[in-house]
2 protein chains.
Amino acid sequence: MPPTVKLSNVALHLSPRDEVAIALAPLAAGTIIALGDGAAHLVLTGDIPRSHKFALAQIPLGGRVHKYGQSIGLATAPIAAGDHVHSHNLGMDDAGRRHEFGTGRTTLVAPAGPVPTFLGYPRADGRVGTRNYVGILTSVNCSATAANLIAEAFRGAALDEFENVDGVMALTHQSGCGLVPTSDGAQALMRTLRGYAAHPNFGGMLVVGLGCEMVPVDALVAGHDLPADTVVSTMNIQGEGGVRATVKEGVARIRSMLPQLNERRRVATPVSELVLGLNCGGSDGFSGITANPALGIASDRLVSYGGTSVLAETPEVFGAEHLLTSRAVAPEVGQKLLDRLDWWQDYAAQGGGSLDNNPSPGNKAGGLTTILEKSLGAVAKAGQADLTAVYEYAEKITDRGLVFMDTPGYDPVSVTGIIAGGATVVVFTTGRGSVFGAKPTPSIKVATNSDTYNRMPDDMDLNAGRIVDGTATLAEVGTEIFEMIIRVASGEQTVSEELGVGQEEFVPWQFGTVT
Amino acid sequence: MPPTVKLSNVALHLSPRDEVAIALAPLAAGTIIALGDGAAHLVLTGDIPRSHKFALAQIPLGGRVHKYGQSIGLATAPIAAGDHVHSHNLGMDDAGRRHEFGTGRTTLVAPAGPVPTFLGYPRADGRVGTRNYVGILTSVNCSATAANLIAEAFRGAALDEFENVDGVMALTHQSGCGLVPTSDGAQALMRTLRGYAAHPNFGGMLVVGLGCEMVPVDALVAGHDLPADTVVSTMNIQGEGGVRATVKEGVARIRSMLPQLNERRRVATPVSELVLGLNCGGSDGFSGITANPALGIASDRLVSYGGTSVLAETPEVFGAEHLLTSRAVAPEVGQKLLDRLDWWQDYAAQGGGSLDNNPSPGNKAGGLTTILEKSLGAVAKAGQADLTAVYEYAEKITDRGLVFMDTPGYDPVSVTGIIAGGATVVVFTTGRGSVFGAKPTPSIKVATNSDTYNRMPDDMDLNAGRIVDGTATLAEVGTEIFEMIIRVASGEQTVSEELGVGQEEFVPWQFGTVT
Ligand SMILES: [Ca+2]
Ligand SMILES: [Ca+2]
Ligand SMILES: [Ca+2]
Ligand SMILES: [Ca+2]
Ligand SMILES: [Ca+2]
């Protein structure tokens, strides 16, 4: 007879409401599992692959099955305690996807004690930066090389005497002309460029254009509520007489900004002034049970203190949007999310695709049964907080609490939108091993499994894989993420900053016609 | 009474068939102009602004008006010799826009004497390169920083001992994930990446990916007929264990390629092996009467010797496509061009725009009256040669003679497609002053006017403005362009290469849905 093992040693039970647990390692049929305090037992009726689900209790035909405390589907056959729960006995739950507004709200209670603080740069518009960069913003691809050449003049020892300036970065992109200026695509580009120009992590901003592009350089900064203490300068290559003259003049203008920017100092600031961006990339079967729910704990904690957290990646939310609408603080907020999902269904159809993706064969092999379950794993990044607002891509974020921004899932495009909106710190979860960075905002990378963490140690900030290894709990990793957010916001370098990754990841969303 | 001036001193008469000439300077009403050998005269009946048209002979109501030897419209009022010809007396000519196939073909006769040669790098697949670069191709934005860091290791003195290697360049872009792999947009990206991998100007090619993107790195080079003498290597960041390890390994792999690439030598090659890309950007009222027709002369000369010339920028051809279809060598070729224009009308309509743009107010102020006239100015880059083939964006060019590639007008996107197709030298005409470059292919910039040339001397290779200044003829500038093409193809540096411009201008066309 096989030995008895404790549930918490071999499986994750994500919510007390859940009828299923997730195997942390392959479990053989016949394994006896002690539940709770050990008085109750169950016996596995079949082999359970790693990261797959098994039932903790009997579920009748048609019964609702929960994970994360949320319905992931209905039993399509009677399920006994100890049964493997997957496509053979679990199907969709359309009733559970009804869109209700505000029926699932939660009051998050901040932990007792004072509100934690971080060391940030207070800005003239009331926002608080976590870095002190000079940006070189380009209005069009034509000025990309000039911007890069200007930025290169400030690498190496050039900033040694300006220790409070984090760097000079070129914000280059591949668009800016051949667009219909009034089109949605052109407007999204404009919001992105203006959002970066006004970002609190830029103390100085040089805008470089060619001179005949769609949007004049001044239109990116004039009248677009930049903080009054952002040192701004604009120039055109055609006006300066070419690339060489532009680089020389641009370097001189930034040099003249540096002494005043170097006077800026970090001051202790309540974490309620942080704007946290949430993202995932290269997800795997562990994302939804380790890094994402741990990040959800950190996000909820920030929100409980009055801070702001930004969920995004609309296509990955599809299927679990009812959870967000039920958490909406007002019907308009929930409806706006549904409107964006409608837009996406049209947009995906235009591209010959569909948002209504069932889990892929790879997802299914990893134990994900329904689209509800898959999307719940992505939404887990956003914890339990109420949804206070829904924003268009790259729109300026002005509400507090948990907000949603409509972006693609594609990492650099999604995070560029969030940063344009004002995010001052990003947490990025990755299963396969992303090497993402997102200057001027520090981006903390959390590995979902220990294999990836150990294989790419230079590129990972934190290992949530310990949750499945059994060496840390979800709550512990959630606390670690929260504490790392504070340290990084206060100036501690992330691995991507140490490596110099994060300039190429400025990728404004391109959609619409280019002529 | 005002003095008599010679027509050729104050105006351009582009074709003997033309009823109009273009004023090279503002001409006052009453000016007496001597025509031809001076026996015939006309008197200007009104003031003619610079670059505007006046009639050389009487044109009856409804009469066809020609420029470049082509109809630009019908007289909407009787026109007398000496009259200003513009919107008040010239309208559209729809009959002149009938699409006929092959009715306007021309046999180009090569000048007497031997076929000129350039010094090129013969490649194993029979194509001939004009440069000898190492490329670092990225399958996705996630590997952009690693590719840049690898390329940076070969700047400065690092290549001093490899004098026959032109450089190591990173081919980074902002796409590569979140696409439906079978969509037109994803296929265009794949063609672009594969076209660069196989380009004759790359002796060596390192392909760097992340590891979980849409297209595995091997799929960009394996089985896609790269020249057998391209030294190829592929790697993934996830497989190498992160960015730092990837950069170290990538630098080592390129170092090991350099000795063999440095053994390559230029050999004298007939110009028939050149593939010339044609483009314009930042056009002005002079583009269509100076740089573009001069480039057309150079293009025709190359074609007369059996070479290949590539016209592109479909939206800018709209309105003059009948000229190209009438030059098509086969009905299928003409029909393919019309099919692409149909696609563009749908695409533009999706974006809320229209291709059927009449000349803008700026165009009209510059003297352009109808869309026919405007598009004729763009098509003038392609001379008079027959149209032998029409290609999709970034498709490999295998026909000789004048061919057309379907691209947007937006400069970096258009030229990226042409280079993916195999262009080994580009000529780029600019009025406002573009600072374009296009590594690994040298790009010659021709200014349309002397103001721009003199204002941006570091960024212009040649001044076609001398045609309106009266210090050079169209034929002379056409010959200069042809001769510069040969010198540059043989290794002479263009101004953009000297400045280091051309890496950021690798911009694959992005269209279709990104999720
Ligand atoms: Ca860039
Ligand atoms: Ca993502
Ligand atoms: Ca680039
Ligand atoms: Ca162009
Ligand atoms: Ca770059």
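The values are calculated or read from the model by the stated rules, or taken from the named source; none is laboratory data. Keep in mind it's a predicted model, so treat the numbers as computed, not measured. Please note: Cβ atoms are built from the backbone with ideal geometry, for glycine as well, and neighbour counts cover all protein chains shown.
For the stretch A:155-180: of the residues being out of contact with any strand residue (DSSP E or B) (no Cβ under 9 Å at 6 or more places or on another chain) and within 10 Å of chain B (Cβ to nearest Cβ), which is farthest from A:PHE506 (Cα to Cα)?
A:VAL180
Looking at the structure I just gave you, is B:PRO181 surrounded by fewer than 23 Cβ atoms within 10 Å (Cβ to Cβ) and within 30 Å of A:SER354 (Cβ to Cβ)? Walk me through how you get there before you give the answer.
Values: surrounded by fewer than 23 Cβ atoms within 10 Å (Cβ to Cβ): yes; within 30 Å of A:SER354 (Cβ to Cβ): yes.
Yes; evaluated as a whole, the condition is true for this residue.
Starting from residues that are closer than 22 Å to A:ARG127 by Cβ and among the charged types (D, E, K, R), keep the ones in the stretch A:272-319 and report whichever is nearest to the chain's Cα centre (by Cα). Walk me through it before giving the result.
First, the residues of the stretch A:272-319 that are closer than 22 Å to A:ARG127 by Cβ: A:272-279, A:298-299, A:301-312.
So of that shortlist, the ones also among the charged types (D, E, K, R) come out as A:273, A:301.
Details: A:GLU273: 18, A:ARG301: 16 Å.
So, considering only residues that are closer than 22 Å to A:ARG127 by Cβ and among the charged types (D, E, K, R), the one nearest to the chain's Cα centre (by Cα) is A:ARG301.
Of all residues in the stretch B:242-266, which are in contact (Cβ under 8 Å) with a residue 40 or more places away in the chain and of a type outside the set (A, V, I, L, M, F, W, C)? Write out each step before concluding.
Initial filter on the stretch B:242-266 (in contact (Cβ under 8 Å) with a residue 40 or more places away in the chain): B:243, B:246-247, B:250-251, B:253-254, B:257-259, B:261-266.
Passing the criteria: B:THR246, B:GLY250, B:ARG253, B:PRO259, B:ASN262, B:GLU263, B:ARG264, B:ARG265, B:ARG266.
Among the residues of the stretch B:134-160, count how many are in contact (Cβ under 8 Å) with a residue 40 or more places away in the chain and among the charged types (D, E, K, R).
Residues flagged as in contact (Cβ under 8 Å) with a residue 40 or more places away in the chain and among the charged types (D, E, K, R) within the stretch B:134-160 amount to 0.
Out of the stretch B:459-487, which residues are modelled with pLDDT of 95 or more and among the acidic types (Asp, Glu)?
B:ASP459, B:ASP461, B:GLU476, B:GLU480, B:GLU483
Taking the options A:LEU368, A:LEU376, A:LEU387, A:LEU372, name whichever one is crowded, with 19+ Cβ neighbours inside 10 Å, at pLDDT 95 or above and assigned by TED's automatic domain parsing to the domain that holds A:THR452.
On the way: A:LEU368 fails: at pLDDT 95 or above; A:LEU376 fails: at pLDDT 95 or above; A:LEU372 fails: at pLDDT 95 or above.
After applying the criteria, what remains is A:LEU387.
Of the residues that make up the stretch A:383-399, is at least one under 18 Å from A:PHE318 (Cβ atoms), under 15 Å from the mean Cα position of the chain (by Cα) and within 13 Å of another protein chain (Cβ to nearest Cβ)?
For the stretch A:383-399, residues under 18 Å from A:PHE318 (Cβ atoms), under 15 Å from the mean Cα position of the chain (by Cα) and within 13 Å of another protein chain (Cβ to nearest Cβ): present.
Which condition number in (1) over 28 Å from the mean Cα position of the chain (by Cα); (2) in contact (Cβ under 8 Å) with a residue 12 or more places away in the chain is the one that A:THR269 fails?
The single condition A:THR269 does not satisfy is (1).
For (1) among the aliphatic types (A, V, I, L, M); (2) more than 16 Å from ligand 5 (Cβ to nearest atom); (3) in contact (Cβ under 8 Å) with a residue 24 or more places away in the chain, each residue gets a yes or a no:
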position: A:THR172; (1), (2), (3): no, no, yes
position: A:VAL207; (1), (2), (3): yes, yes, yes
position: A:GLU213; (1), (2), (3): no, yes, yes
position: A:ASP229; (1), (2), (3): no, yes, yes
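Residues of the stretch B:126-140 being more than 19 Å from B:GLU497 (Cβ to Cβ) and out of contact with any Cys (no Cβ under 7 Å at 6 or more places or on another chain), which ones?
Passing the criteria: B:GLY126, B:ARG127, B:LEU137, B:THR138, B:SER139.
Tell me, yes or no, whether the stretch B:140-150 has at least one residue that is away from chain A (no Cβ under 12 Å) and either β-branched (Val, Ile, Thr) or farther than 15 Å from B:THR192 by Cα (or both). Break it down stepwise before answering.
Looking only at the stretch B:140-150, we keep the residues that are away from chain A (no Cβ under 12 Å), and these are B:150.
From what is left, the residues that are either β-branched (Val, Ile, Thr) or farther than 15 Å from B:THR192 by Cα (or both) are B:150.
There is at least one residue in the stretch B:140-150 that is away from chain A (no Cβ under 12 Å) and either β-branched (Val, Ile, Thr) or farther than 15 Å from B:THR192 by Cα (or both).
Listed here are the residues, each with its yes/no results for (1) under 24 Å from A:MET405 (Cα atoms); (2) among the small types (Gly, Ala, Ser); (3) within 16 Å of ligand 4 (Cβ to nearest atom); (4) not assigned by TED's automatic domain parsing to the domain that holds A:VAL243.
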residue: A:ARG131; (1), (2), (3), (4): yes, no, no, no
residue: A:THR145; (1), (2), (3), (4): no, no, no, no
residue: A:ALA158; (1), (2), (3), (4): no, yes, no, no
residue: A:ASP166; (1), (2), (3), (4): no, no, no, no
residue: A:THR172; (1), (2), (3), (4): yes, no, no, no
residue: A:ALA186; (1), (2), (3), (4): yes, yes, no, no
residue: A:VAL207; (1), (2), (3), (4): no, no, no, no
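Just name the residue that is farthest from ligand 3 (Cβ to nearest atom) out of those in the stretch B:301-349 that are within 14 Å of chain A (Cβ to nearest Cβ) and acidic (Asp, Glu).
B:ASP346
Taking the stretch B:351-379 only, how many residues are among the acidic types (Asp, Glu), part of a helix (DSSP H, G or I) and within 13 Å of chain A (Cβ to nearest Cβ)?
0
Looking at (1) touching a strand residue (DSSP E or B) at 6+ places or on another chain (Cβ under 6 Å); (2) within 14 Å of another protein chain (Cβ to nearest Cβ), which is the one condition that is false for B:VAL243?
Looking at each condition in turn, B:VAL243 falls short on (1).
Residues checked against (1) over 15 Å from A:ALA423 (Cβ atoms); (2) touching a Cys at 6+ places or on another chain (Cβ under 7 Å); (3) away from ligand 5 (no atom under 16 Å from the Cβ):
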position	(1), (2), (3)
A:GLN345	yes, no, yes
A:SER360	yes, no, yes
A:GLY367	yes, no, yes
A:LYS374	yes, no, yes
A:ALA378	yes, yes, yes
A:ALA382	no, no, yes
A:ALA385	yes, no, yes
A:VAL390	yes, no, yes
A:MET405	no, no, yes
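Does the stretch B:498-506 include one or more residues that are in contact (Cβ under 8 Å) with a residue 60 or more places away in the chain, within 16 Å of ligand 5 (Cβ to nearest atom) and of a type in the set (S, T, N, Q)?
Yes, that holds for at least one residue.
State whether one or more residues within the stretch B:414-425 are under 29 Å from B:ALA151 (Cβ atoms), within 16 Å of ligand 5 (Cβ to nearest atom) and not in a loop (DSSP other than H, G, I, E, B).
Taking the stretch B:414-425 first, the residues under 29 Å from B:ALA151 (Cβ atoms) are B:414-425.
Pick out the ones that are also within 16 Å of ligand 5 (Cβ to nearest atom) and you get B:416.
Retained after the next criterion (residues that are not in a loop (DSSP other than H, G, I, E, B)): B:416.
Yes, the conditions are met somewhere in the stretch B:414-425.
Would you check which residues across the stretch A:311-350 are in a helix (DSSP H, G or I), under 16 Å from A:THR103 (Cβ atoms) and β-branched (Val, Ile, Thr) and list them?
Let us first name the residues in the stretch A:311-350 that are in a helix (DSSP H, G or I), namely A:314-317, A:321-326, A:331-350.
Okay, now just the ones that are also under 16 Å from A:THR103 (Cβ atoms), so A:321-326, A:331-335, A:337-338.
The answer is A:THR325, A:VAL333.
Out of A:SER283, A:SER287, A:SER256, A:SER299, I need the residue that is modelled with pLDDT of 95 or more and not assigned by TED's automatic domain parsing to the domain that holds A:GLU161. Which one? First the steps, then the outcome.
Details: A:SER283 fails: modelled with pLDDT of 95 or more; A:SER287 fails: modelled with pLDDT of 95 or more; A:SER256 fails: not assigned by TED's automatic domain parsing to the domain that holds A:GLU161.
Criteria check complete, one pass: A:SER299.
In the stretch A:386-413, what residues are within 16 Å of ligand 2 (Cβ to nearest atom) and in a loop (DSSP other than H, G, I, E, B)?
Hits for the stretch A:386-413 are A:TYR393, A:ALA394, A:ASP406, A:THR407, A:PRO408, A:GLY409, A:TYR410.
Please work out which residue is nearest to A:SER414 (Cα to Cα), limiting yourself to the stretch A:457-497 and to residues that are within 14 Å of chain B (Cβ to nearest Cβ) and in contact (Cβ under 8 Å) with a residue 24 or more places away in the chain.
Residue satisfying both the conditions and the ranking: A:SER496.
How do the strands (runs of 3 or more DSSP E) wholly within the stretch A:172-284 filter down when requiring 2 or more residues that are under 30 Å from A:GLY367 (Cα atoms): which remain? So that I can check it myself, show each step before the final result.
Working: elements: A:202-209, A:231-236, A:267-270, A:275-281.
In the stretch A:172-284, the matching strands (runs of 3 or more DSSP E) lie at A:275-281.
Regarding the stretch A:406-418, can at least one residue be identified that is buried (at least 24 other Cβ atoms within 10 Å of the Cβ), more than 14 Å from chain B (Cβ to nearest Cβ), of a type in the set (A, V, I, L, M, F, W, C) and more than 12 Å from the chain's Cα centre (by Cα)?
Within the stretch A:406-418, none of the residues are buried (at least 24 other Cβ atoms within 10 Å of the Cβ), more than 14 Å from chain B (Cβ to nearest Cβ), of a type in the set (A, V, I, L, M, F, W, C) and more than 12 Å from the chain's Cα centre (by Cα).
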